[in-house]
Amino acid sequence: MSALRIVAVFSATGLQGSAVINRLLEDGSFTPRAITRDTKSEASLKLKERGVEVVQGDSADKASLVSALRRSEAVFAVTSPGATSELTQGKNIIDAAKEADVKFLVFSSLPSLSKLSSGKYNIPSYDDKAEVEVYLKASGLPNASLLLGGFAENFWKLNFLKKTSTGFNITLPKYSPTAVSAFTWIGHDLGEAALAVLKNYEDPSKEVSGKSYPVVTAQLTLRP
C-alpha cells in the first residue's frame, strides 16, 4: 500500500482552501488535510463528514503549525488580514513547513502595489504577500506561487452584481468601467492550478519550483 501524499491546506473553510480541497478530493492523487483555527466549527465538521482530516493550526502560532504539518508532503498556504500581519503569518508557515520536513509549498500571493505604483499606493495585504513570496523563494524550500486576480465570487458574495428587468447592474466604488482588470473564479480555477503544480513539482523538466504563476480566469472591463 502506497503512503498517503498529504497536502496541508490553509484557509480550509474559506473560499481558497475549500476550492483546493474540493479539487484534491475529486482528483484523488493527494489527500487533503484541512488546517483551521477552529476544528469544531460548522464548516470544519462538514469537512470531517466528507472524510477530510481536520487539524488545528494557527498561522500566528508557529509551534501549532509544526505539529499540524507533520507528515505532509506539500502545503497550500494562504494568509489573511488580521491581528497578526500577513508577513508574520507567511513566515511562520514557511518556517514551520521547513521544520516539519515538507517537500513543497504553494503560496497564494499578490504583487506589491507599493512597488508597482512607485510608492503611491500601499495596501498591506498586497505588499505583505509579496514580501512573503520573496522570503519563500529565499528559504530553500521548493515552492511555487499563484498570483490571483480579483475574486469573481465577490460580485455576488458582496452584492456587487444585481439582477434587473433588463440584465444586470454592477456597482463598484471608485472603479473605472473601462479599466481592464484580471479576475479569478476561485471555485472553478484555483484548485486546478494548485493541483497542476503539485502534480509536476517533482519533475525537473517541468521547472515548476521557484516560479510565480498568474491564475486568471478572464481580463475584463465592467462596461459591455
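The values are calculated or read from the model by the stated rules, or taken from the named source; none is laboratory data. Computed from a prediction, not measured in an experiment: that's the story for all the values here. Note: ideal-geometry Cβ built from the backbone for every residue, glycine included; neighbour counts use all protein chains shown.
Results, tabulated for the structure shown:
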{"quantity": "Qualifying residue in segment 108-115 (condition: more than 18 Å from the chain's Cα centre (by Cα) and surrounded by fewer than 17 Cβ atoms within 10 Å (Cβ to Cβ))", "calculated": "yes"}
{"quantity": "Given (1) at pLDDT 85 or above; (2) within 14 Å of the chain's Cα centre (by Cα); (3) surrounded by 15 or more Cβ atoms within 10 Å (Cβ to Cβ), number of the condition HIS188 does not satisfy", "calculated": "(3)"}
{"quantity": "Residues of segment 67-84 satisfying the condition of being at pLDDT below 95 and not hydrophobic (A, V, I, L, M, F, W, C)", "calculated": "SER80, PRO81, GLY82, THR84"}
{"quantity": "Any pair with Cβ under 8 angstrom, 6 or more apart, that starts in segment 28-49 at a residue that is in contact (Cβ under 8 Å) with a residue 40 or more places away in the chain and ends at one that is surrounded by 13 or more Cβ atoms within 10 Å (Cβ to Cβ) and of a type in the set (A, V, I, L, M)", "calculated": "SER29/LEU195; SER29/LEU198; PHE30/ILE6; PHE30/VAL7; PHE30/LEU24; PHE30/ALA74; PHE30/LEU195; PHE30/LEU198"}
{"quantity": "Filter pass, PRO173 being modelled with pLDDT under 85 and surrounded by fewer than 13 Cβ atoms within 10 Å (Cβ to Cβ)", "calculated": "yes"}
{"quantity": "Odd one out for ALA77 among (1) free of Cβ contacts under 8 Å to residues at least 12 places away in the same chain; (2) crowded, with 24+ Cβ neighbours inside 10 Å; (3) aliphatic (A, V, I, L, M)", "calculated": "(1)"}
{"quantity": "Odd one out for VAL55 among (1) within 22 Å of THR184 (Cβ to Cβ); (2) in contact (Cβ under 8 Å) with a residue 40 or more places away in the chain", "calculated": "(1)"}
{"quantity": "Candidates ALA12, ALA34 - the one that is within 16 Å of the chain's Cα centre (by Cα) and in a strand (DSSP E or B)", "calculated": "ALA34"}
{"quantity": "Residues of segment 58-74 satisfying the condition of being part of a loop (DSSP other than H, G, I, E, B) and in contact (Cβ under 8 Å) with a residue 60 or more places away in the chain", "calculated": "ARG71, SER72, GLU73"}
{"quantity": "Top-ranked residue of segment 128-153 - restricted to ones that are buried (at least 20 other Cβ atoms within 10 Å of the Cβ) and charged (D, E, K, R), ranked as farthest from the chain's Cα centre (by Cα)", "calculated": "ASP128"}
{"quantity": "In segment 37-57, the residues that are assigned to a helix (DSSP H, G or I) and out of contact with any Asp or Glu (no Cβ under 7 Å at 6 or more places or on another chain)", "calculated": "GLU42, ALA43, LEU45, LYS46, LEU47, LYS48, GLU49"}
